[in-house]
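The structure appears right after this line, and notes come after that.
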Amino acid sequence: MRYQISGKQIDIGEALQTHVKTELGASVAKYAGRPTEAVVVFSRSGHEHVCETTIHLSTGLTAQAKGHASEIYAAFDSCCEKMDKQLRRYKRRLKDHQRDRVEPVELSAAGSYILAPTEETDESALNHDNPVIVAEMETGIPSLSVGEAVMQMELAHAPVLVFRNEKHSGINVVYRREDGNIGWIDPRHTG
């Protein structure tokens, strides 16, 4: 597994990097057989240290966890515990999908934009159809089953996930509804 361990305005020593690689590697190896990359970022928030970890699996799934503590090692250990718990909770689902999937998840390129609202409040501004584009970047759209898409959305703690449905290659969306349930949009089946 490839590691990217960094700090935001914090020096990360060799001892901490070794600790992260050893502990995270052992934790992930128990539950996910084919991790490809781990990104660990340490930062400070007031008097606390914060550790944010993202693990990319070869199946295309991404798991994220975040830990806080007054000591940097304790922040990592808290984050690692959350990651361990999350991967343990999804172990059976991960194994089922890995057994069915021989090849890694295929990603399609797509444009991703962040639009800025305008500060104007007059009537002509409300009908304005051209908001300012603040950021323009490329993102990947995974080719998944609906079950895998829901699992990916939950693992990433995302409110919504756009994916290409493996059954018919159409673009679909899963999202977390306000009532706590999961919504699934499949434009192909609209009447």
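The values are calculated or read from the model by the stated rules, or taken from the named source; none is laboratory data. The structure displayed is predicted, hence computed values, not measured ones. Don't worry about glycine lacking a Cβ; one is built from the backbone with ideal geometry, like all the others, and counts go over all protein chains shown.
Observations
- Taking the criterion of being surrounded by fewer than 16 Cβ atoms within 10 Å (Cβ to Cβ) and closer than 16 Å to Cys80 by Cα, the residues of the range 24-42 that qualify are Gly25, Ala26, Ala29, Lys30, Glu37.
- Residue check, Arg44 under 19 Å from the mean Cα position of the chain (by Cα) and basic (Lys, Arg): no
- Count of residues meeting criterion [touching a Ser or Thr at 6+ places or on another chain (Cβ under 8 Å) and either within 13 Å of Val40 (Cα to Cα) or surrounded by 16 or more Cβ atoms within 10 Å (Cβ to Cβ) (or both)] in the range 64-75: 5
- Of note, Ala29 satisfies the criterion of being part of a helix (DSSP H, G or I) and either free of Cβ contacts under 8 Å to residues at least 12 places away in the same chain or under 27 Å from Glu148 (Cβ atoms) (or both).
- Among (1) hydrophobic (A, V, I, L, M, F, W, C); (2) surrounded by 15 or more Cβ atoms within 10 Å (Cβ to Cβ); (3) modelled with pLDDT of 90 or more, the one test that Ala15 misses: (2)
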